[in-house]
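The structure appears below as structure tokens.
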């Protein structure tokens, strides 16, 4: 049991793997909402690493930053989903490979 | 005893969290992907709890697993999306994405390998509501007030962007 005890590196490893899963999702998935959810996953992975560093140094800065990241992520989710709804209204499709109206 | 509990919490929630992430990556049905992401968010709340960050753990459940994911599920159900089709047609792109992701994991694990010496013992002073509230009202007062402006801007922006143009 002692050798299984988590250290700072264990938490960071979980965070890194979650961030990589989010990155792979953004690069491979084509549904706009799923891409958006993968971005949320990446935000959460970074939050986990910030809390780990905060715990490591017994310092409030990381925890406070996580608090603010959560608030901004909530605002970002609202605006992003409303953009997706507006896109769906206009094009009836949120496949990101078909959304190239800004492409020159 | 405390270390044992932390060990159990860590392994259970680490495995559940990564399973949730993989579910998000591979589920073609967006509703199942969203449910996997909820599992992941709950697991991250558990990991916060094992790091003695109780306040952030509760906020994670309330804001992410509660509010944000309900919003996502609501939009998915509203749009009535069909399953993604033809995901497998981009073999080279998918393979490239997986190679890049695994390279990222290896690189970051190599960079942070020295941190395995930190045992995370002792108590965490800033996990409870009172010290966080004190910090918010003293050192982080301006960002705390700016959050309200950001939330108001997001509220108005979301209404403006998503409204129907029929009536205005």
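The values are calculated or read from the model by the stated rules, or taken from the named source; none is laboratory data. Owing to the predicted nature of the structure, the values given are computational and were not obtained by experimental measurement. Please note: Cβ atoms are built from the backbone with ideal geometry, for glycine as well, and neighbour counts cover all protein chains shown.
Residue-by-condition table, conditions (1) closer than 18 Å to residue B:76 by Cβ; (2) not in a loop (DSSP other than H, G, I, E, B):
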{"residue": "A:21", "(1), (2)": "no, yes"}
{"residue": "A:25", "(1), (2)": "yes, yes"}
{"residue": "A:33", "(1), (2)": "yes, yes"}
{"residue": "A:43", "(1), (2)": "no, yes"}
{"residue": "A:79", "(1), (2)": "yes, yes"}
{"residue": "A:86", "(1), (2)": "yes, yes"}
{"residue": "A:90", "(1), (2)": "no, yes"}
{"residue": "A:97", "(1), (2)": "no, no"}
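Can you find a residue that is within 26 Å of residue B:3 (Cβ to Cβ), more than 7 Å from chain B (Cβ to nearest Cβ) and either touching a strand residue (DSSP E or B) at 6+ places or on another chain (Cβ under 7 Å) or in contact (Cβ under 8 Å) with a residue 24 or more places away in the chain (or both) anywhere in the stretch A:27-35? I'd like the intermediate steps shown before the answer.
Step one: of the stretch A:27-35, the residues within 26 Å of residue B:3 (Cβ to Cβ) are none.
Looking for residues that are within 26 Å of residue B:3 (Cβ to Cβ), more than 7 Å from chain B (Cβ to nearest Cβ) and either touching a strand residue (DSSP E or B) at 6+ places or on another chain (Cβ under 7 Å) or in contact (Cβ under 8 Å) with a residue 24 or more places away in the chain (or both), one finds none in the stretch A:27-35, hence no.
Look at residue A:42 and say whether it is within 7 Å of chain B (Cβ to nearest Cβ) and either buried (at least 19 other Cβ atoms within 10 Å of the Cβ) or within 30 Å of residue B:4 (Cα to Cα) (or both).
So residue A:42 does not fit the description; no.
Looking at B:5, B:16, B:39, B:35 in this structure, which one is more than 9 Å from chain A (Cβ to nearest Cβ) and at pLDDT below 90?
None of the other options fit; the residue is B:5.
Which one of the conditions (1) surrounded by fewer than 22 Cβ atoms within 10 Å (Cβ to Cβ); (2) facing chain B (nearest Cβ under 7 Å); (3) touching a helix residue (DSSP H, G or I) at 6+ places or on another chain (Cβ under 7 Å) does residue A:58 fail to meet, given that it meets all the rest?
Condition (3) is where residue A:58 drops out.
Of the conditions (1) buried (at least 19 other Cβ atoms within 10 Å of the Cβ); (2) closer than 30 Å to residue B:122 by Cα; (3) more than 13 Å from the chain's Cα centre (by Cα), residue B:45 satisfies every one except a single condition; which number is it?
Failed condition: (3).
For residue A:86, indicate whether it is within 7 Å of another protein chain (Cβ to nearest Cβ) and at pLDDT 90 or above. Outline the logic, then answer.
Working: within 7 Å of another protein chain (Cβ to nearest Cβ): yes; at pLDDT 90 or above: no.
So residue A:86 fails the test.
Of all residues being at the interface with chain A (Cβ under 7 Å from one of its Cβ atoms) and modelled with pLDDT of 90 or more in the stretch B:113-136, which is surrounded by the fewest Cβ atoms within 10 Å (Cβ to Cβ)? Just the residue, please.
Result: B:131.
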